[in-house]
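Heads up: the structure comes next, in structure tokens.
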């Protein structure tokens with residue numbers, strides 16, 4: 001059975017235009033980078049078939065729930081992203097996805113674990129040093145961030161382990177991003193955003 005992938009792009013007015021395609025994830029990714037690298041070519045892509053609109057990339061899976069994968073074009077970055085679906089929806093530069101899977105030969109599942117592990121490490125190594133409220137939340141619930149990180153990474157599925165720690169998982173917005181160098185082949189950072197209501201009342205456990 002063929003996989004369905006959402007292909008979406010943010011318009012200048014902020015609205016998201018989307019359609020879908022069937023085929024392999026790597027195959028679609030290759031075509032998007034090769035034939036639709038610019039805003040003009042992306043507009044031409046959507047002119048080829050019926051396009052739909054939604055408010056943001058957060059809605060695309062709600063609009064097309066049978067889609068397995070998603071590719072998202074961000075005009076302000078002039079770049080394509082592959083969206084990793086899981087407890088966190090992680091926008092990953094498509095160049096990085098194809099470099100690791102298509103060129104280096106990683107399995108998609110292996111690539112996903114690599115990105116998720118990096119996000120968890122960023123959360124408890126770097127992000128925690130910039131957010132005093134989050135630091136206090138971690139201390140209150142487990143004491144030491146380093147030991148918590150070791151404990152989470154010891155699980156067969158670290159992201160599942162993090163997801164089950166609701167006090168930790170629900171502190172953050174569940175959309176995250178990966179940043180790469182100019183060549184798109186090296187990860188240089190991640191982005192996480194705290195959910196404001198948990199910052200205002202961080203001691204309240206996620207129900």
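Here are the numbers for the structure shown:
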{"read-out": "Normalised per residue, the volume of the convex hull around the Cα set of the range 108-200 (Å³)", "value": "102 Å³"}
{"read-out": "The chain: antiparallel DSSP beta bridges as a percent of all, rounded to 5", "value": "70 percent"}
{"read-out": "Translational diffusion coefficient (Stokes-Einstein; Kirkwood radius from C-alpha pairs) of the range 76-142 at 25 °C, 0.890 mPa s, in µm²/s", "value": "179 µm²/s"}
{"read-out": "Antiparallel DSSP beta bridges within the range 4-85, as percent of all bridges there, nearest 5", "value": "70 percent"}
{"read-out": "Residue 191 paired with residue 11, simple spin-label distance in nm, labels 7 Å along Cα-to-beta-carbon", "value": "2.2 nm"}
{"read-out": "Kirkwood-type radius of the range 1-114, with distances r between different C-alpha atoms, in Å", "value": "14.2 Å"}
{"read-out": "Angle in degrees between helix 108-121 and the longest Cα principal axis of the chain, rounded to the nearest 10", "value": "40 degrees"}
{"read-out": "Gain in span if fully extended, residue 150 to residue 117, counting 0.36 nm per residue against the direct Cα distance", "value": "10.8 nm"}
{"read-out": "Rel. contact order, % - alpha carbon contacts under 8 angstrom, at least six apart, the chain", "value": "17 percent"}
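Every number in this text was worked out from the coordinates using simple rules, so none of it is lab data. Just so you know, these numbers come straight off a predicted model, no measurement behind them. Note: ideal-geometry Cβ built from the backbone for every residue, glycine included; neighbour counts use all protein chains shown.
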